[in-house]
Amino acid sequence: MTETIGFVGLGKLGRPIAGNLLQAGYPLRVHNRTASKAEELVTRGAQLASTPADAVTSGGIVISLLWDDASVESIMTDDFLSRLGRGGVHVSMSTLSPEASRRIATLHAKHGSLFVEAPVFGRPEAAVARKLFIVYAGLPAAKERVKPLFEAMGAQKSFDFGEAIGAATTVKLVGNMLIISAAASLTETLTLARNSGVDPHAVVDMLTTTLLSAPIYQTYGRMIADGTADLASSPIPTKDLGLFKETARALSSPAPISTFLLDLRSKPGSDRNVDPVSPMPSAP
Ligand SMILES: NC(=O)c1ccc[n+]([C@@H]2O[C@H](COP(=O)([O-])OP(=O)(O)OC[C@H]3O[C@@H](n4cnc5c(N)ncnc54)[C@H](OP(=O)(O)O)[C@@H]3O)[C@@H](O)[C@H]2O)c1
């Protein structure tokens, strides 16, 4: 376990995942656009890389966990690709569009390096608790090499979606669409319960121990009933619903619900429809 791993992107999710790798004994070379976010990891023994390419070791493994298509594509410089070189593997863990993931894979193929897409299900707290789920796709040789890292990063389970790049990113978008719709439905229904004088916590307890016993209903149900859900203020649902809708459009696949949820988020005051249980809006 002496191979140094490059890690680019130390945001809310990147920091705990990189921290888990360090804790598991992997030497890390880390880079973040805002260097101060690397300080804690450097104190714990990570080396600081001054650029994304500087985090790359020839023929090694580099992980990226940046925000979106544009930010990941912006680090795909000639310097990054040629340093990674033949046999090197880039593991992209961001939630991207399948199209961008395929473009990035093509760039790697041109440089003789390998690409694995491996988006993550789980919030930063789940990374700390090592309860993440990772879905991944790529060529077998690349996957074999990086698979041991998933558990070290904090995955409780990882799922192989084959060789075709775009498959795992699609699964991630499908999953997030379902989670975001569940949260929106929970908000609307628990608001009705509370406005009817029924305790939303009791509703969540009843439903999540019977017909809806799923982690998403349990976790978001509790947070929504408590008024601590943060999906309305998070930029993630808007980004990922947009990616879902764009992916559906490219495939001429129907997307009325994602379109509706996206419209709802773009309207002022729409947060009552997607987050904390709020009082009944006054009649127009
Ligand atoms: N947070 C979650 O609960 C969660 C769960 C599952 C999946 N994800 C996915 O994981 C990815 C990271 O999410 P996050 O919550 O960690 O986001 P975040 O806290 O906002 O961090 C985003 C990272 O991207 C970097 N970045 C953004 N734009 C950049 C640019 N143009 N050039 C270079 N670097 C750039 C940021 O650098 P700076 O620090 O300099 O801004 C930071 O390292 C996203 O794709 C997200 O959808 C997040």
Would you be able to tell me the number of residues in segment 217-252 that are within 13 Å of the ligand (Cβ to nearest atom) and open to solvent by 50 Å² or more (accessible area, probe 1.4 Å)? 6
Quick check on segment 181-195. Is at least one of its residues within 13 Å of the ligand (Cβ to nearest atom), assigned to a helix (DSSP H, G or I) and farther than 22 Å from Ser213 by Cβ? no
Please name all residue pairs, on different chains or six or more residues apart, with Cβ atoms under 6 Å, provided the first residue is in segment 151-178 and is part of a strand (DSSP E or B) and the second residue is open to solvent by 20 Å² or more (accessible area, probe 1.4 Å) and within 13 Å of the ligand (Cβ to nearest atom). Gln156/Lys131; Lys157/Phe133
Could you list, in sequence order, the residues of segment 66-96 that are farther than 18 Å from Gly14 by Cβ and buried (at least 22 other Cβ atoms within 10 Å of the Cβ)? Arg83, Leu84, Gly88
Taking segment 112-128 as the search range and keeping residues that are surrounded by fewer than 23 Cβ atoms within 10 Å (Cβ to Cβ) and within 14 Å of Leu65 (Cα to Cα), which one is nearest to the ligand (Cβ to nearest atom)? Arg123
How do the helices (runs of 4 or more DSSP H) wholly within segment 1-82 filter down when requiring 2 or more residues that are within 13 Å of the ligand (Cβ to nearest atom) and closer than 19 Å to Phe150 by Cα: which remain? 14-23
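Taking segment 89-116, which residues are more than 23 Å from the chain's Cα centre (by Cα), outside any helix (DSSP H, G or I) and either among the basic types (Lys, Arg) or under 15 Å from Val146 (Cα atoms) (or both)?
Residue satisfying the conditions is Ser113 alone.
The values are calculated or read from the model by the stated rules, or taken from the named source; none is laboratory data. Quantities reported herein were computed from a predicted structural model and do not represent experimental measurements. Note: ideal-geometry Cβ built from the backbone for every residue, glycine included; neighbour counts use all protein chains shown. Heads up: the accessible areas ignore ligands, DNA and RNA and are worked out on the full protein's heavy atoms, side chains in. Shrake-Rupley method; radii C 1.70, N 1.55, O 1.52, S 1.80 Å.
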